[in-house]
1. Among all residue pairs at least 6 apart or on different chains, which show Cβ distances below 9 Å where the first residue, located in region 38-59, is exposed (fewer than 13 other Cβ atoms within 10 Å of the Cβ) and the second is aliphatic (A, V, I, L, M) and in a helix (DSSP H, G or I)?
2. Counting only residues that are modelled with pLDDT under 90, give me the helices (runs of 4 or more DSSP H) lying completely in region 1-77 with at least 3 of them.
Amino acid sequence: MSQAISMKLTWTRQFHTPALAAVGILAVLTGPLLAQPSPKGVVDRFRGLDAQGAQLTPAGWQEVAALFVKPGSPRRTRIIVTDGGGICQ
C-alpha cells in the first residue's frame, strides 16, 4: 500500500471517529427533547396530578412544577376547589 493511501486512511479514521462520537452524543442529549409530550398530554398530566392532590405535598409539588417552564412557588395558604372543569377543543 502506498504512503499516500495509508495517510488518507489514517486521516479518514481520525476524522470519522470523533465525528461519529459527536453525532452519538447529540442523539443521546436531544432524544428527550424530541420525545416531548403534546400540549394536551401535559394538561392531562397536570389534571391527573391535581386530582390526586399532588400540589399538597412537597414531592408532588416538584412533579407538578416539572410541567412548567417557569414554575412559581407553592401556595399553601389557600386551596381552590373546582367541579373538574373541562378543556375546550
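The values are calculated or read from the model by the stated rules, or taken from the named source; none is laboratory data. The shown structure was predicted, so the numbers you read here are calculated from the model rather than taken from an experiment. Every residue, glycine as well, gets a Cβ built from its backbone with ideal geometry; the counts of neighbours run over all protein chains shown.
1. Going by the 9 Å Cβ cut-off, the qualifying pairs are Gly48/Ala54.
2. In region 1-77, the matching helices (runs of 4 or more DSSP H) lie at 3-34, 39-51.
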